[in-house]
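Participant: After the structure tokens below, expect a handful of questions from me.
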Amino acid sequence: MASSRGESIDKYRSRETSIRVPISENDNPNKIDHYAVLAQVIDQAVFDFCDDPGYNKSLYSAKTLIEVQERLRHDMEAVVLTALTSEQFINHHQSLSASQEQRVKIDSAKWSNIEQNIAAGSTTFANSFSYLFSILQSHLGTDTASHPDNWRLLDRIAKLNINAFSAYYTTYLSNRDNWTAFIDQIELTSNGGVQFKPGFPKEAPISVVSTSYYARILTNVDLRIDGTTPLMQLKDVELSDDTIGCPVTFCNENLKKLWEIYASQAYRVTNEQALSSGDTEASAQ
């Protein structure tokens, strides 16, 4: 029997644009269709972003990692919304808007419209890239951090169920106190990149409170995994619905291309800052 993720990918590949109406909170048939249709729009958006210098040129003038992160977030949001509102994707836009409208009627905590849904996804996407690069760069150096094969780490994380993703992201990626523990979960590959060790990330210990809906207002101290707070394994997180994963992961090439663009610019600004710092120190001697 096909998994929910497999069913969503099959529908994405079929180019079907209909979305089943949700009848309950976290309605799985609706979720399968919703992300299958959105993934089709993302395909075009990634192609446009990578092919048209007008979309990614701002990355090449960024001077800091924060600027690279923010410009990636802004540009990806813009390119997805541009594709969504184009004549080519009019049916996708109508289906996704209607789907999101019905979702909000059932659960008012969801994003009010599909545009807000895309904006939130773009923010999490860009933040994940930036956190991963910063973790690897601070522990393993810039060359390893920017390796093109490191998209596989992001792929594994983004394929997690949303409940597990949120707990892992909160415990590790956005929490500097646990970055060393993240490094313990990965290993170098023969070609210079990094990959998760067998069993990870699902066997990773996480703070129990990271699974709370209100985890985002907790402090880093609450999320430490040094034994001062109750822990559990990521694989034991209670799931509210079946796992679909981020729609960007429906096509490996999309994530690979986007990581390569981001990593190359993160590498550039990191080295430029190092050279600038060296020049300043030399001139002061």
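Participant: Does the stretch 235-254 hold any residues that are more than 12 Å from the chain's Cα centre (by Cα) and aliphatic (A, V, I, L, M), and which are they?
Facilitator: Result: VAL237, LEU239, ILE244.
Participant: Out of the residues in the stretch 135-153 that are under 28 Å from LEU38 (Cβ atoms) and surrounded by fewer than 21 Cβ atoms within 10 Å (Cβ to Cβ), state the one that is nearest to the chain's Cα centre (by Cα).
Facilitator: ARG152
Participant: Then there's this: Can you tell me which residue in the stretch 12-42 is nearest to MET76 (Cα to Cα), limited to those that are acidic (Asp, Glu) and surrounded by fewer than 17 Cβ atoms within 10 Å (Cβ to Cβ)?
Facilitator: GLU16
Participant: Of the residues in the stretch 41-61, how many are assigned to a helix (DSSP H, G or I) and either more than 28 Å from GLU101 (Cβ to Cβ) or more than 17 Å from the chain's Cα centre (by Cα) (or both)?
Facilitator: 13
Participant: Let me ask something additional. Which residues, taken from the stretch 238-274, are of a type in the set (Val, Ile, Thr), farther than 13 Å from PHE49 by Cβ and assigned to a helix (DSSP H, G or I)?
Facilitator: Those that are of a type in the set (Val, Ile, Thr), farther than 13 Å from PHE49 by Cβ and assigned to a helix (DSSP H, G or I): THR249, VAL269, THR270.
Each reported figure results from applying straightforward, stated rules to the coordinates on display, with no laboratory input. Just so it is clear, the model here is predicted, and its values are computed rather than measured. Virtual Cβ from ideal backbone geometry, glycine too; neighbours counted across all protein chains shown.
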